[in-house]
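Undergrad: Dropping the structure in here first, questions after.
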Amino acid sequence: MPRFTFIWLLLFTGLLTAASAADPVLLRLQTASSEPPPFTVYLTVEDAGEQPLPDLALTPSQFSTTIGAQRATVTAIEPFAKAGEGIAYLLLVDISRSLREAQFSKLRQALGDWIAALNDRDRAALLTFGDDVRLVQDFTANKAALQAHLAHLQPSDGQTRLYLGLLRALELSRRQDAGLPRRRVIVLLSDGQDDFAGSATLEEVQQALRDTHTPIFALGLLDPPRTPAKDIALKALGTLARQSGGAYRGLGDQPLPVAYADLRRRIEQAFVLRLDCPACVADGRPQRLQI
């Protein structure tokens, strides 16, 4: 059966009037779904510093939307926290020796806290990337299974196939399994460097993001000494995250568990739009969504 596919999603910067102020804000679209109807769009409203504004009192009349050549109507908007939906998390874990054992121990703790905080509607999958990319746990609500797999991970590999890991995560995010939440999110910690000769490239990931608009929420790890190559790699990771509709944050001196908790809050500070488009026809061709 033909489905709607959104591969080009564009949101304009505009003015939204809140109760306390009228400031320029950015609408950052994370992902969109047409299954089941109505159309559902997940986005954040951000200030000039790209920080979410989750407490704005928004109304459907503030939005103008088209799908392809057809005008769509926003029938409802609400904070994600009130929508009663879950999230399908793709948790990417770097198992290369670029992470020291002490760092990896903190990473296990942070991801363990993330898994413990999953609600009944959430699902999570664990993927590792190093010498290869491996799905160690498919999407599940079983926290014990996720924690057991996490406990056995070690920084054991000599190389880092970051871009192949992102391609695999984007592929998995397209799954249409029954019971899998419509909202999909990729989460990772990385220094941005892919040192596997002949592996996937940055350009391939950028192309995949045009076809599969799944937000990447990334923490950037910079181990001293700082070098131009490390800066370039982290800049590329930040660009990917923002282009995807996600977010990037440099780790700095912040403890990993705290950084992951902050990242989770940012993911949850989204809005859900419901769209109605009676004239839209699912013909299998990609449609441009504009808000």
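The values are calculated or read from the model by the stated rules, or taken from the named source; none is laboratory data. Please read all numbers here as calculations on a predicted model, not as lab measurements. When we count neighbours, we look across all protein chains shown, and the Cβ atoms used for this are built from the backbone with ideal geometry, even at glycine. Calculation scope for accessible area: heavy atoms of the full protein, side chains included, ligands and nucleic acids excluded. Shrake-Rupley method; radii C 1.70, N 1.55, O 1.52, S 1.80 Å.
Undergrad: Could you list, in sequence order, all residues of the range 74-84 that are crowded, with 16+ Cβ neighbours inside 10 Å and outside any helix (DSSP H, G or I)?
TA: Val74, Ile77, Ala83
Undergrad: A further question follows. Filtering the range 48-70 down to residues that are under 22 Å from Leu289 (Cα atoms) and polar (S, T, N, Q), which residue is surrounded by the most Cβ atoms within 10 Å (Cβ to Cβ)?
TA: Once the filter is applied, the top-ranked residue is Thr65.
Undergrad: Here's a follow-up. Please work out which residue is most open to solvent (accessible area, probe 1.4 Å), limiting yourself to the range 181-217 and to residues that are farther than 24 Å from Arg121 by Cβ and within 15 Å of the chain's Cα centre (by Cα).
TA: Restricting to residues being farther than 24 Å from Arg121 by Cβ and within 15 Å of the chain's Cα centre (by Cα), the top hit is Arg210.
Undergrad: Could you check how many residues of the range 121-164 are in a loop (DSSP other than H, G, I, E, B), over 11 Å from Val93 (Cα atoms) and of a type in the set (A, V, I, L, M, F, W, C)?
TA: The number of residues fulfilling the criteria is 1.
Undergrad: Only one of these is modelled with pLDDT of 95 or more and open to solvent by 30 Å² or more (accessible area, probe 1.4 Å): Ala178, Ala148. Name it.
TA: Among Ala178, Ala148, only Ala148 is modelled with pLDDT of 95 or more and open to solvent by 30 Å² or more (accessible area, probe 1.4 Å).
Undergrad: Assess whether Leu107 counts as being not in a loop (DSSP other than H, G, I, E, B) and not small (Gly, Ala, Ser). Walk me through how you get there before you give the answer.
TA: Numbers: not in a loop (DSSP other than H, G, I, E, B): yes; not small (Gly, Ala, Ser): yes.
So Leu107 passes the test.
Undergrad: If I filter the range 239-283 down to residues being surrounded by fewer than 18 Cβ atoms within 10 Å (Cβ to Cβ) and small (Gly, Ala, Ser), which single residue comes out as farthest from Trp114 (Cα to Cα)?
TA: Ala279
Undergrad: Give me the pairs, please: first residue somewhere in the range 231-247 and under 16 Å from Thr201 (Cβ atoms) and in a helix (DSSP H, G or I), second residue anywhere and open to solvent by 20 Å² or more (accessible area, probe 1.4 Å) and hydrophobic (A, V, I, L, M, F, W, C), beta-carbon distance under 9 Å, and either six or more positions apart or on two chains.
TA: Ala236/Leu202; Thr239/Leu202; Leu240/Leu202
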